[in-house]
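As structure tokens, the structure follows; a few thoughts come after it.
The values are calculated or read from the model by the stated rules, or taken from the named source; none is laboratory data. Quantities reported herein were computed from a predicted structural model and do not represent experimental measurements. Cβ placement follows ideal geometry from the backbone for every residue including glycine, while neighbour counts extend to all protein chains displayed. Keep in mind that these areas ignore ligands, DNA and RNA; they rest on the heavy atoms of the full protein, side chains included. Shrake-Rupley method; radii C 1.70, N 1.55, O 1.52, S 1.80 Å.
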Amino acid sequence: MPELELICDYSCEIGENPLWHPFEKVLYWCDIPAGRIFRFDPSSGKHEQCYQGEPVGGFTIQADGSLLFFMAKGAVKIWRKGEMVTIIDHLPDELDSRFNDVIADPAGGVFCGTMPTQDRPGRLYHLAPSGEIKLLLEGIRCPNGFGFSLDRKQLYFTDSRAWVIYRFDYDEKSSAISNRQVFVTIAERDGFPDGMTIDAEGYIWSALWDGSALVRYTPAGREERRIAIPARKASSLIFGGETLSEIYVTTAGGNAKESDGPAAGGLFRFTPGVR
């Protein structure tokens, strides 16, 4: 078992969307309902809250280094050095929802999911570099982690409340997805599959919300290892550091430490032995 290091604990209610910034060489992550975003510089060990405002469900990195926020009501905005530029003010069908997990695709677009409401399940959209947004899928119980195969021909997508990670055929030129198949089904007793990342060997890593663990799957969908996390709600993970040889793990439950663990809502780091 690798040694886990607690980097910091901001008691995040839903710590999420860890993302390594390749230009700034820092890690960003968010606390969704609190509308907070943080960053950690491993070279100095310094960490700080850098944004407080409207909730951000997920974000990606723009070519100029700014962050693209995916927010409530289907809003999409660029944030850089405290300045906000609106790309999409709202989506008429998402006024009672918010974006959740997102991922930039190799062609420069973004796959982005919205949460279910009392009246309907969640949805999956694709935002093109032009700013055009297209609805791809409906009937998603809780859209979550994404990842691309190493050959960029397949997209992995998590539906947490269905306990399933799907695999689609992906066309890099058109960003189209097709041929949905079940990649892996998680036993309900193990928690909900949440955030995801993929390593340099093509193995899929999934965080288990309510499962206190990360699981690494082979490309064939077989569990290869399981790593315990000292917080009940492991929410997401990403590779980071200069050589992308470290994994950063976000957790939730900072508002319920008595049930979810003393370090719930904290940010962890470990070296998995793969990049």
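Quick notes on this structure:
- Considering residues of segment 81-103 that are in contact (Cβ under 8 Å) with a residue 40 or more places away in the chain and closer than 21 Å to Tyr51 by Cα only, the residue most open to solvent (accessible area, probe 1.4 Å): Ile87
- Restricting attention to segment 38-60, the residues that are in a strand (DSSP E or B) and either touching a residue at least 24 places away in the same chain (Cβ under 8 Å) or of a type in the set (Lys, Arg) (or both) total 12.
- Among the residues making up segment 113-157, those that are of a type in the set (S, T, N, Q), closer than 22 Å to Asp93 by Cβ and in contact with a strand residue (DSSP E or B) (Cβ under 7 Å, 6 or more places away or on another chain) are Thr114, Asn144.
- Considering (1) outside any loop (DSSP other than H, G, I, E, B); (2) at positive phi, the lone condition that Gly108 does not fulfil carries the number (1).
- Of all residues in segment 6-26, those that are within 15 Å of Leu68 (Cα to Cα) have Cβ atoms under 8 Å from Cβ atoms of residues that are open to solvent by 10 Å² or more (accessible area, probe 1.4 Å) and aromatic (Phe, Trp, Tyr), 6 or more apart or on another chain, in Trp20/Phe239.
- Cβ-Cβ under 9 Å pairs, at least 6 apart or on other chains, segment 125-154 side part of a loop (DSSP other than H, G, I, E, B), far side open to solvent by less than 100 Å² (accessible area, probe 1.4 Å) and of a type in the set (Lys, Arg): Ser149/Arg167
- Scanning segment 175-202 for residues being at positive phi, touching a Phe, Trp or Tyr at 6+ places or on another chain (Cβ under 7 Å) and surrounded by 13 or more Cβ atoms within 10 Å (Cβ to Cβ) gives a total of 1.
- Qualifying residue in segment 61-79 (condition: among the basic types (Lys, Arg) and either part of a helix (DSSP H, G or I) or in contact with a Leu (Cβ under 6 Å, 6 or more places away or on another chain) (or both)): yes
Per-residue answers, yes or no, for (1) out of contact with any Pro (no Cβ under 6 Å at 6 or more places or on another chain); (2) of a type in the set (A, V, I, L, M, F, W, C); (3) within 20 Å of Val164 (Cα to Cα):
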position: Gly191; (1), (2), (3): yes, no, yes
position: Ala200; (1), (2), (3): yes, yes, no
position: Ser206; (1), (2), (3): no, no, yes
position: Ala213; (1), (2), (3): yes, yes, yes
position: Tyr217; (1), (2), (3): yes, no, yes
position: Ser236; (1), (2), (3): no, no, yes
position: Phe239; (1), (2), (3): yes, yes, no
position: Asp260; (1), (2), (3): yes, no, no
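- Residue check for Asp119: touching a residue at least 24 places away in the same chain (Cβ under 8 Å) and either closer than 24 Å to Leu155 by Cβ or assigned to a loop (DSSP other than H, G, I, E, B) (or both): no
- The requirement of being crowded, with 18+ Cβ neighbours inside 10 Å and touching a His at 6+ places or on another chain (Cβ under 7 Å) is fulfilled somewhere in segment 40-54, by at least one residue.
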